[in-house]
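Below is one structure; the comments refer to it alone.
The values are calculated or read from the model by the stated rules, or taken from the named source; none is laboratory data. These numbers come from a predicted model, not from an experiment. For neighbour counting, all protein chains shown are included, and Cβ atoms are generated from backbone atoms with ideal geometry for every residue, glycine included. When the accessible area is computed, the model is the full protein with side chains, heavy atoms only, and any ligands, DNA or RNA have been set aside. Shrake-Rupley method; radii C 1.70, N 1.55, O 1.52, S 1.80 Å.
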Amino acid sequence: MKWITSVAFLGLLAVGQTATAADKLTVYSYRQAFLVEPILARFTAQTGIDVDLVFAKDGITERLAREGRLSPADIVLTSDFSRLVELVDKQLTAPVKSAQLDSNIPAQFRDPQGQWYALTMRVRNLYTAKDGLGAQPLTYEALADPKYKGKICTRSGKHPYNIALVASMIAHHGEAQAKTWLQGVKDNLARKPQGNDRAQIAAVKEGVCDIAIGNSYYYGNMLQDPEQKNVAEAVTINFPNQAERGAHVNVSGMVLTRHAPNRDNAIKLMEFLSGDVAQKAYAEVNMEYPVKADVQPSQLVASWGAFKADSLPIVKLAHYHQAAVKLLDEVQFDL
């Protein structure tokens with residue numbers, strides 16, 4: 001494999017397996033190499049199918065559209081649901097029918113037409129300082145309560161994570177009520193939306209705000225980072241809306257490209273990524289929740305306790321995506 005110096009260290013190479021010219025495929029990935037490469041190495045060791053990995057932070061959708069039928073890409077891996085929606089909307093995907101994928105991935109986490117499949121789940125949590133508010137039975141709706149004026153921190157409203165959260169609020173409450181809520185959250189901000197999710201957690205520790213919005217896996221990664229562990233340990237992770245509908249979840253995922261030159265191999269990889277080996281690797285390396293029900297989260301993530309997830313089908317987030325963007329524009333959330 002072009003991106004791995006040695007596969008032997010994994011101890012997974014099957015005896016006698018040699019990749020032929022046909023035993024290959026190409027993956028375009030929004031997911032960072034440190035997470036994806038070891039998983040793809042295991043796939044190659046098991047199947048003999050060689051994988052070329054192309055990582056990009058942005059622009060994969062545009063690249064696929066530009067390449068058209070000449071694109072070498074077979075699969076795209078995304079880090080959030082909005083990227084999946086974008087690829088489908090621009091007709092850059094092909095449907096997949098696989099009994100194994102349907103068995104491994106619950107219906108809530110896959111497209112009914114097989115255009116996309118989720119791989120991991122993360123929760124949009126609310127963080128509070130241990131020496132401040134402490135653990136709280138918070139809800140997303142409460143973020144608009146005037147009692148929290150000047151006490152909320154978040155990254156840009158236009159970030160895909162927050163767009164998805166707003167889309168879920170529209171799904172549950174309707175567009176008018178969601179707009180009122182969004183204006184209330186804006187009025188309660190401690191500062192202009194800025195930074196990433198880790199920066200929001202740090203802002204709680206620093207006393208900039210009392211409540212921060214951030215994805216669960218960032219918190220887990222901070223706890224494992226020697227330079228940020230003390231920051232993460234100063235805050236409490238709260239799962240919102242536990243007394244009612246449950247916490248909003250978003251997903252990473254995968255699609256088969258419309259012009260995949262190695263379709264059969266690509267589907268084999270998609271099935272592998274939905275299976276126990278890959279799902280456990282995602283859980284252990286990046287502190288995400290597996291979508292395969294019988295694969296457990298990492299020991300660290302499990303230590304946060306069980307939580308109730310919103311049962312809203314992920315596809316609903318796609319349905320209300322544009323409406324969410326429209327509301328964020330109307331309230332000028334980032335200004």
Residue count, the range 67-98, condition among the β-branched types (Val, Ile, Thr) and in a helix (DSSP H, G or I), comes to 2
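Out of the residues in the range 107-121 meeting the condition of being surrounded by fewer than 17 Cβ atoms within 10 Å (Cβ to Cβ) and within 20 Å of ALA171 (Cα to Cα), tell me which one is farthest from the chain's Cα centre (by Cα).
PRO112
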The listed residue being part of a helix (DSSP H, G or I), within 21 Å of the chain's Cα centre (by Cα) and at pLDDT below 95, out of LEU101, LEU35 | LEU35
Of residues in the range 310-321 being of a type in the set (A, V, I, L, M, F, W, C) and not in a helix (DSSP H, G or I), the one modelled with the lowest pLDDT | ILE314
Filter result (assigned to a loop (DSSP other than H, G, I, E, B) and over 14 Å from HIS159 (Cα atoms)) within the range 193-215 | GLU206, GLY207, VAL208, CYS209, ASP210
What number goes with the only condition from (1) over 30 Å from ASP89 (Cβ atoms); (2) open to solvent by 30 Å² or more (accessible area, probe 1.4 Å) that VAL301 does not pass?
-> (2)
Exactly one of ALA266, ALA324, ALA293, ALA260 is modelled with pLDDT under 95 and either assigned to a loop (DSSP other than H, G, I, E, B) or crowded, with 17+ Cβ neighbours inside 10 Å (or both), and that residue is ALA293
Would the range 273-282 turn up any residue that is open to solvent by 30 Å² or more (accessible area, probe 1.4 Å), in contact with a strand residue (DSSP E or B) (Cβ under 8 Å, 6 or more places away or on another chain) and either of a type in the set (D, E, K, R) or at pLDDT 95 or above (or both)?
-> yes
Among ARG31, ARG124, ARG69, ARG83, which is surrounded by fewer than 20 Cβ atoms within 10 Å (Cβ to Cβ) and touching a residue at least 12 places away in the same chain (Cβ under 8 Å)?
-> ARG69
Can you find even one residue in the range 146-161 that is touching a Cys at 6+ places or on another chain (Cβ under 7 Å), assigned to a loop (DSSP other than H, G, I, E, B) and either open to solvent by 50 Å² or more (accessible area, probe 1.4 Å) or within 19 Å of TYR219 (Cβ to Cβ) (or both)?
-> yes
Those residues of the range 115-145 that are among the charged types (D, E, K, R) and either more than 30 Å from LEU87 (Cβ to Cβ) or not in a strand (DSSP E or B) (or both) come to a total of 4
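Step by step: first the residues of the range 221-246, then only those that are within 17 Å of the chain's Cα centre (by Cα) and modelled with pLDDT of 95 or more, then the one that is surrounded by the most Cβ atoms within 10 Å (Cβ to Cβ). Which residue is that?
Among them, the one singled out is MET222.
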Selection from the range 63-90 of residues aliphatic (A, V, I, L, M) and over 15 Å from LEU256 (Cβ atoms) yields ALA65, LEU70, VAL85
